[in-house]
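Data block below; observations after.
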Amino acid sequence: MSKHFRKWARRQPTTAYRVYDRDIPDVPIIVEVFGDHAIVWMKNDEEEQEPQLDSTEVIATTAAALELAKENIHFKVRSRMPGAMQYQKLGRSGDFLIAAEGELKFHINPYDYLDTGLFLDHRPLRQKIASGACGTGGKFLNLFCYTGSFSVAAAAAGFSCTSIDMSATYLNWATENFALNELSAAGHQFVREDILTYIKKMVGSKKEQYDLIFLDPPSFSNSSKMTTTLDVLRDHAWLIDDCMQLMKTGGVLLFSTNKRRFKLNEQLQAKYQIKDITRETIPQDFSDKKIHQCWEIRKIGS
Ligand SMILES: C[S@@+](CC[C@H](N)C(=O)[O-])C[C@H]1O[C@@H](n2cnc3c(N)ncnc32)[C@H](O)[C@@H]1O
């Protein structure tokens, strides 16, 4: 599992990468390394009827293959669950780890949640933003910001960031990620709101206009904090329209989704200049080239 990627990883300025991506059908797990820890995810989905592996065995094999301590292998079962449950705490607390991605650093929690706080499939896009290739020094809006990793990247490129999420825990985590990167929270905003209603207010008031917007909604969300559900397939067209209303002339919307078999609403093609940038945004360590789809969207003529 590890040799090729261990070698590859040593040449990369990152301590967090995917080393195994369901490569063998009988071993349908995902393994990501975070320094001297590794997370193993196994799916438990009755509909897909995948082989269920024994966690003790998987932990022992992974520890041996990666030459890591068994207690640093974190085994997680991903079952089909409705929206918000995916982001709930699983229990047990431990210290945060720190992952480096080039110049950027992120707090990783391998213990408490199904996800770690950093989605590695978006490393190339974070790096692109941090490098200044999407502009520098303007205003950045990060919708569904989670732990603010994209805001950290944008702030590193000199953007003033507004990060919105409905979870206080994740917004707090985002501010900790800013501090970890020695980025002062001053000049940046962290807003706890249900985006589905809040974005309407933003469009109505048009108080702020942005140079760069990152829109990366969950595929589905149905928290009690929301007045309606979010379904990315159903809702992406109006979300994109609203984002484009908040855009300065010449600004860029980066829209991304992890929803499988997602199709961009065809009417959007007539309204905006749209470029599919998925290929350049999938990292080399992911053999799942359909992990996400991503588009760069501009106003026509800008
Ligand atoms: C898949 S994560 C987004 C990933 C993030 N863009 C990143 O790259 O790290 C989903 C996030 O959406 C937030 N969320 C879900 N529904 C929301 C809503 N209606 N309003 C605001 N935040 C929401 C969750 O709290 C969670 O932090």
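The values are calculated or read from the model by the stated rules, or taken from the named source; none is laboratory data. Note that the coordinates shown come from a computational prediction; the quantities given were computed from them, not determined experimentally. Note: ideal-geometry Cβ built from the backbone for every residue, glycine included; neighbour counts use all protein chains shown. Remember, those area values only see protein heavy atoms, side chains included, never the ligands or the DNA or RNA. Shrake-Rupley method; radii C 1.70, N 1.55, O 1.52, S 1.80 Å.
Let a ≥ b ≥ c be the square roots of the eigenvalues of the Cα gyration tensor of region 168-302; is it rounded (a/c under 1.5), or, if not, prolate (a/b larger than b/c) or oblate? Write out the running numbers ahead of the final one.
On the way: a/c = 1.30, a/b = 1.15, b/c = 1.13.
Rounded.
Given +1 at the Cβ of Lys and Arg, -1 at the Cβ of Asp and Glu and no other charges, the dipole of the chain around its Cα centre is 920 debye to the nearest 20.
The C-alpha atoms of the chain define a longest principal axis, and helix 55-66 lies at about 80 degrees to it. From helices alone, the chain scores -8000 deg cm²/dmol at 222 nm; the rule is -39500 (n - 2.57) for each run of n ≥ 4 DSSP H residues, then divide by the residue total.
Cross-link pairs exceeding 25 Å in C-alpha to C-alpha distance, out of K43/K70; K43/K289; K248/K289, comprise K248/K289. Residues within the reach of a label modelled at N172 (point 7 angstrom out along Cα to beta-carbon, backbone nitrogen below 15 Å), restricted to region 102-123, are 109, 112-113.
Counting only Cα atoms, the size of the chain along its three principal axes is 56, 43, 34 Å, in decreasing order.
Can you tell me what the convex hull of the Cα atoms of region 140-205 projects to on average, as an area in nm²?
Working: hull surface 16.1 nm².
Mean shadow area of the hull around the Cα atoms is 4.0 nm².
Ignoring ligands, DNA and RNA, what percent of the accessible area of the chain is carbon or sulfur (1.4 Å)?
49 percent
Note on region 96-225: percent of Cα-Cα distances in each 10 Å bin, starting at 0 and stopping at the bin with the largest distance, equals 13, 46, 34, 7, 0. Modelled label positions at K200 and Q273, each set 7 Å beyond Cα in the direction of Cβ, lie 3.2 nm from each other.
Tell me the net charge near F140. Cut-off is 15 Å between Cβ atoms, F140 excluded, with +1 for each Lys or Arg and -1 for each Asp or Glu. Mind dumping the intermediate values first?
Working: positive: R126, K128, K139, K248; negative: D165, E208, D211, D216, E296.
So the environment of F140 carries a net charge of -1.
Between region 170-219 and region 225-273, the C-alpha centres lie 17 angstrom from each other. Electrostatic tally near F150: other residues with Cβ closer than 10 Å to its Cβ, Lys and Arg +1, Asp and Glu -1, net 0. Contact order for region 196-302, expressed relative to its length and based on alpha carbon pairs under 8 Å spaced 6+ residues apart, stands at 29 percent. As a calculated quantity, the FRET efficiency between K43 and Q209 at R0 = 30 Å, using C-beta atoms, amounts to about 0.10. Most simply put, the chain has about 55% antiparallel DSSP beta bridges, counting only bridges with both residues inside it.
The angle separating the long axis of helix 168-180 from the principal Cα axis of greatest extent in the chain is about 80 degrees. Distance between the modelled labels on A60 and W238, one decimal in nanometres: 5.5 nm (7 Å Cα→Cβ projection).
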